[in-house]
Amino acid sequence: MENKRILIVGSTSASLINFRGDFIKSLVKNGFEVFAAAPEFDKKTYDQLIDYGATPIEFKLQRTGMNPIKDAKTILELKKIISNNSIDLVFPYTVKPVIYGSIAAKLCKVSVISLITGLGFAFTGLTLKARVLQRLNEFLYKISIRKNKVIVFQNSDDYNLFLKRRIIKKKNKVEFVNGSGVNLDKYRYRINNNMSDNISFLFIARLIQEKGIGLYIDAAEVLKKKYPNAIFHVIGYVDESPSAIKLEKLNALHTEGIIIYHGPQKNIADHLYKRDVFVLPTYYREGVPRSILEALSVGLPIITTNTPGCKETVKKDKNGFLIKPQNLEELITAMEYFITNKAKIKEMGIHSRKYAEEKFDVDIINNKLISIVKSALRH
């Protein structure tokens with residue numbers, strides 16, 4: 001019998017390596033023929049997917065905004081990819097690939113396992129634009145994923161919201177995984193014996209307000225005055241989002257010594273090894289943030305928000321703190337705790353690594369996804 005053909009659809013080519021690379025390798029190892037589709041491949045990513053044993057395929061996707069003509073062309077392009085490559089099962093993740101990939105697969109009468117990796121800005125409900133986008137996305141999800149073979153969620157809050165908004169029904173087949181998982185060998189544990197006054201904090205994310213960069217900077221400005229030796233690192237890229245922080249502001253804060261801005265980085269593990277505490281005060285609708293999982297694996301205490309996807313990564317008073325979204329006072333209090341209780345950094349870091357091993361090991365996640373794929377193809 002010929003190997004079954006799986007098409008993985010992502011919104012960026014880099015995410016196929018960074019977030020699905022281990023999964024792709026697991027699929028290939030299990031005898032599947034893997035096709036990996038995304039917009040705008042660079043040579044390095046293209047070649048890396050070839051090395052994994054996958055076939056890269058490029059398609060056009062407008063990542064932000066809604067243009068009916070361009071979106072229709074994306075669906076038709078995905079439909080052609082599915083047909084031309086005799087795909088047996090489509091596996092899309094992130095919002096637009098899930099919606100358009102599911103519609104394209106339905107037109108080809110091909111099964112779909114969709115992975116809901118968080119609901120993003122549209123489901124924050126913070127602005128009129130977000131509320132309008134939420135209604136539109138709800139409609140698009142409803143017409144696209146209800147007939148999917150399996151819908152995989154990364155947290156129960158997203159599932160319950162889909163039920164409440166009648167996007168899916170209770171009869172829909174659903175599964176749950178703990179995020180994209182983290183490679184425990186790549187993000188090795190290191191014991192932190194730092195007892196100096198140079199406690200360093202690290203923020204990694206897209207540099208938009210919803211991810212909490214503004215709150216992090218405000219906290220850094222307050223704490224730097226009180227604890228001059230504390231260090232506040234920022235890693236991430238500035239995009240064209242209306243809520244993106246200005247590069248000029250980051251550079252000015254860097255020059256003033258309030259933060260150390262590293263720009264976008266590829267060697268994230270190296271930066272994690274050098275820091276003491278990981279901070280992500282997001283109020284974006286996350287799945288389970290990959291950056292937090294990497295910090296857990298290395299052995300950093302976590303400060304994040306008590307929101308869907310994030311709250312699953314912290315055991316209260318064991319490996320960090322959960323704060324209320326957009327609450328600067330709570331963020332400052334949590335960060336100051338580690339400055340004044342240095343021994344807790346090592347203690348909580350040990351618990352972070354244990355939690356990563358128990359719940360977020362990429363091998364555990366991928367074995368479950370492989371099991372879901374095999375079951376879907378059998379039936």
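Only the coordinates and a few stated rules stand behind these numbers; no lab work does. None of the values given here were measured: they were computed from a predicted structure. Heads up, the Cβs are rebuilt from the backbone with ideal geometry, glycines too, and the neighbour counts pull from every protein chain shown.
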**Item:** Sum of -39500 (n - 2.57) over DSSP H runs of 4+, divided by residues of the chain (222 nm, nearest 500)
**Value:** -13500 deg cm²/dmol
**Request:** Provide the gained length on full extension for the span Arg63 to Lys25, in nm with one decimal, where the gain is 0.36 nm per separating residue minus the Cα-Cα distance.
**Result:** 11.1 nm
**Fill in**
Proxy exposure order for Ser144, Ser297 (fewest C-beta within 10 Å first) is Ser144, Ser297
**Prompt:** Tell me, what is the Rg over Rh of the chain, with Rh the Kirkwood radius over Cα pairs?
**Reply:** 0.97
**Message:** Only four residue types carry charge here, +1 at the Cβ of Lys and Arg and -1 at the Cβ of Asp and Glu. Report the dipole size of the chain about the Cα centre in Debye, rounded to the nearest 20.
**Reply:** 1520 debye
**Prompt:** Out of Asn84, Asn229, Asn160, any idea which swings most in a Gaussian network model of the chain, alpha carbons joined below 10 Å?
**Reply:** Asn84
**Prompt:** Which Cα, out of Ile345, Leu328, Ile231, lies furthest along the positive dipole direction of the range 200-360 (beta carbon charges, K/R +1, D/E -1)?
**Reply:** Ile345
**Message:** If I stretch the segment between Leu76 and His262 completely, what's the gain in nm (0.36 nm per residue apart, minus their alpha carbon distance), one decimal?
**Reply:** 63.0 nm
**Prompt:** Nearest 20 debye, what's the magnitude of the dipole of the range 118-206 about its Cα centre given +1 on Lys and Arg Cβ and -1 on Asp and Glu Cβ?
**Reply:** 800 debye
**Prompt:** Roughly what would the spin-label model give for Thr255 and His379, points 7 Å off Cα along C-beta, in nm?
**Reply:** 6.2 nm
**Request:** Note the full-extension length gain between Lys164 and Asn229 as 0.36 nm times their separation in residues minus their Cα-Cα distance, in nm to one decimal.
**Result:** 18.6 nm
**Fill in**
Computed from the beta carbon distance with a Förster radius of 30 Å, FRET efficiency for Leu136 and Lys109 to the nearest 0.05 stands at 0.70
**Item:** Inter-label distance for Phe176 and Asn198, nm, one decimal - labels placed 7 Å from Cα along Cα-to-Cβ
**Value:** 4.3 nm
**Message:** To make sure I understand, if each residue's beta carbon is the centre and we count other beta carbons within 10 Å, what order do Phe23, Phe123 fall in, fewest to most?
**Reply:** Phe123, Phe23
**Asked** Based on the Cβ-Cβ distance from Asn3 to Tyr237, what FRET efficiency comes out when R0 is 35 Å, to the nearest 0.05?
**Response** 0.40
**Asked** So how do Leu377, Leu207 line up by other beta-carbon neighbours within 10 Å, fewest first?
**Response** Leu377, Leu207
**Fill in**
Beyond 21 Å (Cα-Cα) in this structure, taken from Lys96/Lys368; Lys73/Lys173; Lys106/Lys149; Lys60/Lys173, we find Lys96/Lys368; Lys73/Lys173; Lys60/Lys173
**Message:** To test your reading of the geometry: what angle, between 0 and 90 degrees and rounded to tens, separates the Cα axis of helix 43-52 from the longest principal axis of the chain?
**Reply:** 70 degrees
**Fill in**
Connecting every pair of Cα atoms under 10 Å apart in the chain and solving the GNM, the largest mean-square fluctuation among Asp185, Asp157, Asp276 falls on Asp185
**Item:** Ile191-Ile370 FRET efficiency (beta carbon distance; Förster radius 45 Å; 0.05 resolution)
**Value:** 0.85
**Request:** Between the alpha-carbon centers of the range 106-177 and the range 315-366, tell me the distance in whole angstrom.
**Result:** 29 Å
